[in-house]
Amino acid sequence: MKPIYILGIESSCDDTSIAVLKNRTVLSNITANQEVHEKYGGVVPELASRAHQANILPTLDRALKKADVSLDQINAIAFANGPGLLGSLMVGASFAKGLSLAKDIPLIGIDHMQAHVLANFITSDENLSEAPEFPFLCLTVSGGHTQLMLVKDYFEMDIVGKTRDDAAGEAFDKIGKMLGLGYPAGPMVDKLSKKGNPLAFAFPVTNLEGFDFSFSGIKTAVMYFLQKKEAHFIKDNIEDLCTSVQHTIIEMLLLKFKAAIQSFNPKGIAIAGGVSANSQLREKTQILAQTHNLPLHIPAFSYCTDNGAMIGIAGYYKYLQKEFSPLDIKSQARLY
Ligand code: KG4
Ligand code: ZN
C-alpha cells in the first residue's frame, strides 16, 4: 500500500510545532518554543499569536526539510482546531487553510485533547510497536485540562472524569510560581523532586465523589502554608516542597485513575498530555498497570507536551476514515 504523508500543525497555546508523518511514524517534529512569556510568569495570548505568526513558516520549512518530503507529497494537512487560545489557534488554522487552498491538499481539523491521547499510537517501528487496544482508559493531563477518558475508538472518547477547577498542569505551574520557579514550572518541580522527601510536608488530598478531580484546594493550602513561613523557608526547603507537592498531585490523579480502572474494566491504560512527561507519574502508572495486569501506553517524552506529531497521527486516522474539514471550519477556544 502507498504510504500516507500527513502534515501536523499545532498552535493552540505557546508552542508552534509542525510534524511530517509517514503513516504512524514521525519523520520530523519541529517545535519553536516561545520565550517571550517567561518574564510574565504565564502565557500572554496576544504575544503568543504574534510569535506563532513569526515562527510558523520557518517551522514548516524545517519540518519538510528534515523529513525530506515536499508539499506535493503531503496527502492531508491536519491542524489543531481547539481547544486553546483563540488567537493562537486561528494563526495555525489560517496557515493550514492557505496551504490547503494553494496546493489543493485536503484539510483536517483536530481536537487537541484527542490528539494528546492518539500520541500513544505513534510508533518508531510500524512492524514492532503494538497500538493500544480499544477500549482503553487514558488519563490526559495538560496545562489546561485534566480528563479521564474511556477511549472506545480513535475519535470516540467518553470523558468519564474531569477537573472541576484547575488542571493538574496548572496546579504544578501555579504552585511552582509561588515557589519562585519559572514558567512552566512542571518540568522544574519534577527535576527538584528527584532529591526531596515526598512526606516532608502534608498537603490536603481532595477526593470528590465519582471520577472528577479538584486541584484548587492544594493550591490554596500551599499558599496559606507559605504565608506563615519566614522569607528563606522556600529556598531552604525547595526540594522537599516540590516533592511533597508533586507527590500529592499525583496521589490525587492516581486515586481516580484506579477507581476508574475498577469501574470500567478497560483492556489497557494510558497517559497523555504535558504532565505525562512527569517522571513520578510515569513510574507510578507503570506500577498501576502491573498491579492490574494491564498493558500500559505512555508517549515518548517529545510527544507528551504540545507537538505537531500528535496532530499528525490524529490526522492520519481521520484521513483513513476520509473525514476532511471544509475551508470555513471555525477554530474553537472551548470544546468541553
Ligand atoms: O499538553 P501541554 O504541553 O499543553 C497544554 O495543552 O496545556 O501541557 C503543559 C503542561 C504545563 O502545565 C507544564 O507545567 C506541564 O504540562 N508539564 C509537566 C512536566 N512537563 C510539562 N508537569 C509536571 N512534570 C513534568 N515533567
Ligand atoms: Zn496540550
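The values are calculated or read from the model by the stated rules, or taken from the named source; none is laboratory data. Since we're looking at a predicted model, the values are computed, not measured. FYI the Cβ positions are ideal-geometry reconstructions off the backbone, even for glycines, and counts take in every protein chain you see.
Descriptive notes on the structure:
- The residues on offer are GLU10, GLU38, GLU46, and the sole one that is outside the structural domain of VAL151 (by TED's automatic domain parsing), at pLDDT below 95 and among the charged types (D, E, K, R) is GLU38.
The rows are residues; the columns are (1) among the hydrophobic types (A, V, I, L, M, F, W, C); (2) modelled with pLDDT under 95.
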site	(1), (2)
ALA67	yes, no
PHE95	yes, no
ILE105	yes, no
ASP111	no, no
THR123	no, yes
GLN147	no, no
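- Residues located in region 197-224, provided they are buried (at least 16 other Cβ atoms within 10 Å of the Cβ) and not in a loop (DSSP other than H, G, I, E, B): PHE213, GLY217, ILE218, LYS219, ALA221, VAL222
- Meets criteria (touching a Phe, Trp or Tyr at 6+ places or on another chain (Cβ under 9 Å) and either at positive phi or in contact (Cβ under 8 Å) with a residue 24 or more places away in the chain (or both)) for LYS256: yes
- Single condition VAL69 does not satisfy, out of (1) in contact with a Cys (Cβ under 9 Å, 6 or more places away or on another chain); (2) among the hydrophobic types (A, V, I, L, M, F, W, C); (3) part of a loop (DSSP other than H, G, I, E, B): (1)
- From the options GLN246, GLN290, GLN286, residue that is more than 16 Å from ligand 1 (Cβ to nearest atom), modelled with pLDDT of 95 or more and assigned to a helix (DSSP H, G or I): GLN290
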